[in-house]
Amino acid sequence: MLLAAGEGTRLGGPKALVEVAGTRLVDRGVALLREGGTTPVVVVTGAVDVPLLGVITVHNPDWRSGMASSLAAGLGAVPDGCTAAVIALVDQPLIGPDVVRRLVAAYLDGAGIAVASYQGRLRNPVLLARSEWAGVMALATGDVGARPYLNAHPDRVTAVECGDIGRPDDVDTPEDLARVSRVLAPGQPVAGRAPKAWSPRSPRHG
């Protein structure tokens, strides 16, 4: 699931449509999940409609209320046969498919909640087994998604170190966009330092 509902106020426009190294952030996010081995891909939109092929697109009419409503809309659109969901942000283009593959591998190894970690700091994406969804949504409100549930059940959280294969840098401002674009320039390494510390939570809007 890709959360791509936000309007990107500080960036100057909806992040889903912003291009980094010639590719829209929403297309990078879809590729992240698809190439990471998840199917189908669900994209939650809000501030702007995003034409996409080969994905399940769900519009969240309450996107202004915050992340919780987008999380609910996305989980509600996941087909019944799916036993887990990987939740990713549209504005973290330095995270690659190998990160998703590690989360899926952790789930197949028995983890009900798997959170990508970078140099020991829990960030995104987050994998939630279907059995955890009701508990997550019972505590999600406003712009807070899975964080209260994960904080309340740390024993259920499996941290999956991914600092060697990706970075969870957010694209929130034009300065962020310029920095990430430089990192994605040909020949530049992506893995490296992790940004600010983060407590377990599901992603913000895109």
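Computed from the coordinates by the stated procedures, all read-outs in this text should not be read as laboratory data. Not measured: the values here are computed from a predicted model. Cβ coordinates were reconstructed from backbone atoms using ideal geometry, including for glycine residues, and neighbour counts include every protein chain displayed.
A few points about this structure:
- Hypothetical label at THR9: residues of the range 34-51 whose amide nitrogen lies under 18 Å (7 Å Cα-Cβ projection): 46-48
- Charge tally in the Cβ shell below 14 Å around LEU33, where Lys, Arg are +1 and Asp, Glu are -1, LEU33 excluded: +1
- Electrostatic tally near ARG64: other residues with Cβ closer than 11 Å to its Cβ, Lys and Arg +1, Asp and Glu -1, net -3.
- Beta bridges by DSSP in the range 2-170, antiparallel share as percent, to the nearest 5: 45 percent
- Over the chain, DSSP H runs of length four or greater, each weighted -39,500 (n - 2.57), average out per residue to a 222 nm ellipticity of -8500 deg cm²/dmol.
- Label point distance in nm, THR39-LEU53, each placed 7 Å from Cα along Cα→Cβ: 1.7 nm
- The chain: most fluctuating residue of LEU150, LEU33, LEU53 per GNM, C-alpha cutoff 10 Å: LEU53
- Paramagnetic label zone (point 7 Å from Cα along Cα-to-C-beta, THR141; backbone N under 13 Å) in the range 42-86: 68
- Taking other C-beta atoms within 10 angstrom as a stand-in for reagent exposure, VAL115, VAL78, VAL190 fall in the order VAL190, VAL78, VAL115, fewest first.
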